[in-house]
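The values are calculated or read from the model by the stated rules, or taken from the named source; none is laboratory data. Because the structure is predicted, anything quoted here is derived from the model rather than measured. All Cβ positions, even for glycine, are placed from backbone atoms using ideal geometry, and neighbour counts span all protein chains on display. Accessible surface is based on the protein model in full, side chains and every heavy atom, while ligands, DNA and RNA are left aside. Shrake-Rupley method; radii C 1.70, N 1.55, O 1.52, S 1.80 Å.
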Amino acid sequence: MNTVDLHTLTGAYALGALSEQEAAEFGRHLAQCEACTREVRELQETAARLALAVAEVPPADLRTRVMAALPEIRQLPPIPREATVLPMRRRARNRLPYLAAAACLVVAAVAGGLAVKARQDADAQRERSVRAEQQAAVVSALMAAPDATFHTTALKGGGSGTVVASKRMGRAAFLYRGLPSLPERRVYELWYSRDGSMVPAGLVEPGRSSGTMLLTGGPQGADGVGVTAEPPGGSSTPTSPPLGLLRV
């Protein structure tokens, strides 16, 4: 798919109508194309407003009124087939515009639902981006702190980790690289070592082999940081031997 083709996919991407592979390719294009990013955002916002504009909540007593009216409605007797074939054909022709309109309404409703989901996904992605930017700013300040310390070690099983800490800022970060995938859907968990006790300090995002994360809590009173492999969601105390221990 060339760049010209990608520029024409803003509408389909905004409504979530692309395949997984196409959406991934277009997402990479968005990171480099400000015009398409702006157009996708505007299309998603417009589609969401249109979906909300046609939404209507039925009256609370509608079901009660319908059920109450049913006993008063007579069922029509069956009509002989000969008497219905031609009128039915005429009615079918007359109903075509209504069927087309109904089909358009169904398409509009589906598109509206897709637009709302796309808007929700975009909002979630925007929140993740904001959090990532905030974390990057804190890590940058942490690494530039006058009292920042850096300790690196290789981890058992592969990969390496570095702990950057500033007691003046009261923050610490874990920089990791080349972490292998864990079996049985286990996750990497970080711990502060304080007076012989291990205190949970956060989970490494599953599926990422390299990255940076801020540790939960500060390094005050800690003499080291440990890394273990834990069940999904983490543990309150380590359930496996440490893969690495780093001084703070």
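Between Ala31 and Ser197, how high is the FRET efficiency from 1/(1 + (r/R0)^6) when r is the Cβ-Cβ distance and R₀ = 45 Å? Nearest 0.05.
Working: r = 43 Å, r/R0 = 0.96.
After rounding, the FRET efficiency stands at 0.55.
Give me Rg over Rh for segment 171-248, both radii from the alpha carbons and Rh done the Kirkwood way, two decimal places.
Working: Rg = 11.6 Å, Rh = 12.5 Å.
Value, to two decimals: 0.93.
Calculate, in nm to one decimal, what Ser210 and Ser181 gain on full extension: separation in residues at 0.36 nm each, minus their alpha carbon distance.
Result for the pair: 9.3 nm of gain on full extension.
Is the shape of segment 120-243 best called rounded, prolate or oblate, per the rule: a/c under 1.5 gives rounded, else a/b larger than b/c gives prolate, else oblate, with a ≥ b ≥ c the square roots of the Cα gyration tensor eigenvalues?
Judged from the Cα gyration tensor, segment 120-243 comes out oblate (a/c at least 1.5, b/c at or above a/b).
Modelled label-to-label distance, Gln135 and Ser235, 7 Å Cα→beta-carbon offset: nm?
2.3
Taking a 1.4 Å probe, which of Glu34, Glu20 shows the most accessible area, and what order do the others take after it?
The ranking, largest first, comes out as Glu20, Glu34.
Per 0.36 nm of contour for each residue apart, how much would the distance between Asp121 and Arg247 grow if the chain were fully extended, relative to their Cα-Cα spacing?
That works out to 41.4 nm of additional length.
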